[in-house]
Amino acid sequence: MDRVIRSTEAHSFYAKSIAASREPAPTPADMIADTEATLACSLQSKCILAYSVSGATGVRIAARRPKLPLILMTRDERVSRRMALVWGMRSMQEPSISDYNSMVATAKDECARLLSPATGDTMVVLSGSPFGKVGSTNNIRVATFR
């Protein structure tokens with residue numbers, strides 16, 4: 001048996017097939033999306049909010065199939081329309097948002113309109129810093145409704 005294993009492992013096809021079967025390593029953006037979805041479900045939040053310039057952040061979260069509403073906010077109408085087709089996502093275009101605080105305030109208003117949260121309910125917010133820059137997703141915040 002040892003001879004068969006050594007012969008197989010020495011073959012060039014073996015190394016290629018093992019490498020091809022490996023899952024790609026998760027990127028930091030994948031890990032952040034996974035953390036946000038897990039956190040929101042663990043806290044029993046009312047919703048997940050993602051602010052995204054390109055929509056990629058929302059797609060990553062939707063891929064985790066969280067069991068609560070996912071709202072994606074963007075300034076770009078084209079991104080908003082594309083994201084409206086993603087599983088479980090409600091997409092909103094908000095061209096007037098210019099900073100993090102106005103984004104969170106607008107998101108709380110939209111979540112309140114859609115879901116009627118009670119005082120003390122939470123919403124998990126994912127965005128990037130510097131705000132509005134593609135590929136900068138690095139910020140998770142738990143916002144509480146008052």
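The values are calculated or read from the model by the stated rules, or taken from the named source; none is laboratory data. Keep in mind that this is a model prediction, so the values were computed, not measured. Because the Cβ atoms are built from the backbone with ideal geometry, glycine has one as well, and the counts that use them run over all protein chains shown.
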**Item:** Residues (surrounded by 10 or more Cβ atoms within 10 Å (Cβ to Cβ) and outside any helix (DSSP H, G or I)) located in the range 1-28
**Value:** H11, P26, T27
**Asked** Among the numbered criteria (1) surrounded by fewer than 17 Cβ atoms within 10 Å (Cβ to Cβ); (2) in a loop (DSSP other than H, G, I, E, B), which single criterion is violated by P117?
**Response** (1)
**Filter result (free of Cβ contacts under 8 Å to residues at least 24 places away in the same chain and not polar (S, T, N, Q)) within the range 66-91** = L70, L72, D76, E77, R78, R81, A84, L85
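So is V53 on the phi < 0 side of the Ramachandran plot and either loosely packed, with under 10 Cβ neighbours inside 10 Å or touching a Leu at 6+ places or on another chain (Cβ under 9 Å) (or both) or not?
So V53 does not fit the description; no.
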**Item:** Single condition R82 does not satisfy, out of (1) modelled with pLDDT of 90 or more; (2) within 20 Å of P26 (Cα to Cα)
**Value:** (2)
**Prompt:** Any idea how many residues of the range 120-146 are at pLDDT below 85, surrounded by 15 or more Cβ atoms within 10 Å (Cβ to Cβ) and in a loop (DSSP other than H, G, I, E, B)?
**Reply:** 3
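Filter the range 66-79 for residues that are closer than 24 Å to P117 by Cα and either at pLDDT 90 or above or buried (at least 18 other Cβ atoms within 10 Å of the Cβ) (or both) and give the result.
Of everything in the range 66-79, those that are closer than 24 Å to P117 by Cα and either at pLDDT 90 or above or buried (at least 18 other Cβ atoms within 10 Å of the Cβ) (or both) turn out to be P66, L68, P69, L70, I71, L72, M73, T74.
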**Asked** Of all residues in the range 1-35, how many are touching a Lys or Arg at 6+ places or on another chain (Cβ under 8 Å) and not hydrophobic (A, V, I, L, M, F, W, C)?
**Response** 2
**Tally, over the range 46-59, of residues that are under 8 Å from the mean Cα position of the chain (by Cα) and in a strand (DSSP E or B)** = 1
**Request:** Output the residue which, of all residues in the range 60-110 that are touching an Asp or Glu at 6+ places or on another chain (Cβ under 7 Å), assigned to a helix (DSSP H, G or I) and not charged (D, E, K, R), is farthest from L126 (Cα to Cα).
**Result:** T106
